[in-house]
Amino acid sequence: MPWSPNLSLSCLPPPTPPPETMTMFENVTRALTRQLNPRGDLTPLDSLIDFKHFYPFCLVRRKRKSTLFWGARYVHTDYTLLDVLEPGSSPSDPTDSGKFAFKNMLDARVEGQVDMPKTVKITGTGGLSRSSTLEVQTLSVAPKALETLHQERKLAAEHPFLKEMHDRGENLYVVMEVVETVQEGSINHKEAVTIPKGCILAFRVRQLMVRGKDEWEIPHIYNDNMQTFPPGEKPEEEKFILIQASDVGEVHEDFRTLKEEIQRETQEVEKLSHVGRSSLLTSLSKLLGNRKELQDLELTLEGALGKGHEVTLEALPKDVLLSKEALGAILYFLGALTELSEVQQKLLVKSMEKKILPVQLKLVESTMEQNFLQDKESVFPLQPDLLSSLGEEDLTLTEALVGLSGLEVQRSGPQYTWDPDTLPCLCALYAGLSLLQLLTKAS
């Protein structure tokens, strides 16, 4: 039986362009993360207005449909670990692990040069002012401070927030390390944007584990079988399905693993009625290019999945119902689409209009299939027939779309440059193309 009645896929007001500041901020945090921790577990912060919720000891939760292929994504809460412990002494301040200077970071393809031991200088193109500079430092919770806190303060078992998270089957994570600005910085691109002193730009987390009534710990390693709250107290059919990160640093087996994951999610979307798939395509066509609107839709649908109550939204016909599985699949693909830049999203809409999604999907799929485990940058020949059906305008559009995910295609040859650090971006693009191709084929 369908689970939630009257769920529309276009619940938001007409989209308005998000503030330029937010897009620029996210570009900066992603560029910084690529330089400090390529293919690692350092997570860039998405939103400038949220940075105060990601200081050390802050509690965050993971989005319900996360995947390591393009990175786990986290949502802030209004609480810290200290808030949910019994009263007691405060831990020592996080330790400073080093300062870094970044210059001219706002570019889709940023090249870095490392001067040891603790200075990273980044140069890029894209019409940036030479005055675009940020000085940052890393702060981490000291092991001794965490050990002392663990010994001295028990969990406040009756805390309302913990009870809510327990009832919803949510896992909680503690921010353990952050990258923050040392002083106020300015990023210049069309107009100057000021990033305040002490602003969190990226972070690392570890999972909070509850042991018994008031015991807790934060293990160094967590995997997809671990749950913050002890299992067994809720009927199995009532539990939410969570896709959690596996061991830190895990490398997925091969491209087939990604392909099978995406196929499982597309099969759930295929189960929607023709009207449901058509409405989803219409809604996405309107929202693509407005990442803030996409993120708001994602949060709304995630809230519906989390609370399990009836939600009435506007655009979908009242006889179109969504199962938990279908809603989860839509969240999965929204997560992929919001990983893409606004320019890429607009290029996807243009590609749908020009009916060239199948060619683009085949290009990305073929490239990733050959190089998924390739860990060194290199140039490879491109099969001529992959792009032979495209005219000049369509070819330029396709080059731009994949190029913004790090896949540089050169017509001479033809050939392409493979950069392993851009693999998460390509995974997200592959998922987005897979969904849109399914929906356009069915419309």
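The values are calculated or read from the model by the stated rules, or taken from the named source; none is laboratory data. What you are looking at is a predicted structure, and each value in this text was computed from that prediction instead of being measured. Cβ sites come from the backbone with ideal geometry, for glycine too, and all protein chains shown count toward neighbours. SASA here: full protein model, heavy atoms, side chains in, ligands and nucleic acids out. Shrake-Rupley method; radii C 1.70, N 1.55, O 1.52, S 1.80 Å.
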Take the Cα atoms of the range 255-442, find their three principal axes, and give me the spread along each one in whole Å, biggest first. 55, 33, 27
If amide hydrogens are placed 1.01 Å from N in the peptide plane, which non-local residues have theirs closer than 5 Å to the one on Ala202? Leu45, Val179
Vicinal HN-Hα couplings computed from phi for the range 358-364 (Karplus, 6.51 cos²θ - 1.76 cosθ + 1.60; Hz; Gly/Pro x): x, 5, 5, 4, 5, 4, 5
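So, with a 1.4 angstrom probe, what is the percent of accessible area on the range 255-442 that is carbon and sulfur?
50 percent
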If I model a spin label as a point 7 Å beyond the Cα along the Cα-Cβ vector, how far apart are those points for Ser366 and Glu408 in nm? 2.1 nm
Cα-Cα over 23 Å: which of Lys63/Lys154; Lys63/Lys355; Lys63/Lys197; Lys324/Lys350; Lys63/Lys292? Lys63/Lys154; Lys63/Lys355; Lys63/Lys197; Lys324/Lys350
Residues other than Val84 with Cβ under 12 Å of its Cβ, Lys/Arg counted +1 and Asp/Glu -1, net out at -3
Just to be sure I understand the model, the point goes 7 Å from the Cα along the line to the Cβ. What's the resulting Val75 to Thr194 distance in nm? 3.3 nm
Given points 7 Å out from each Cα along the Cα-Cβ axis, report the Lys286 to Gln415 separation in nanometres with one decimal. 4.7 nm
Please list, in order along the range 337-352, the HN-Hα scalar couplings obtained from phi with the Karplus expression 6.51 cos²θ - 1.76 cosθ + 1.60 (θ = phi - 60°), rounded to whole Hz, x for Gly and Pro. 5, 6, 6, 7, 6, 4, 4, 4, 4, 5, 5, 5, 4, 4, 5, 4
If r is the Cβ-Cβ distance from Thr148 to Met226 and R0 is 25 Å, what FRET efficiency results, to the nearest 0.05? 0.55
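Give me the accessible area per residue for the range 255-442, probe 1.4 Å, as a whole number in Å². Provide the component values of the computation, followed by the final result.
Working: 7870 Å² over 188 residues.
I get 42 Å² per residue for this part.
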Lys163 to Gln137: extension gain in nm, 0.36 nm per residue of separation minus the Cα-Cα distance? 5.8 nm
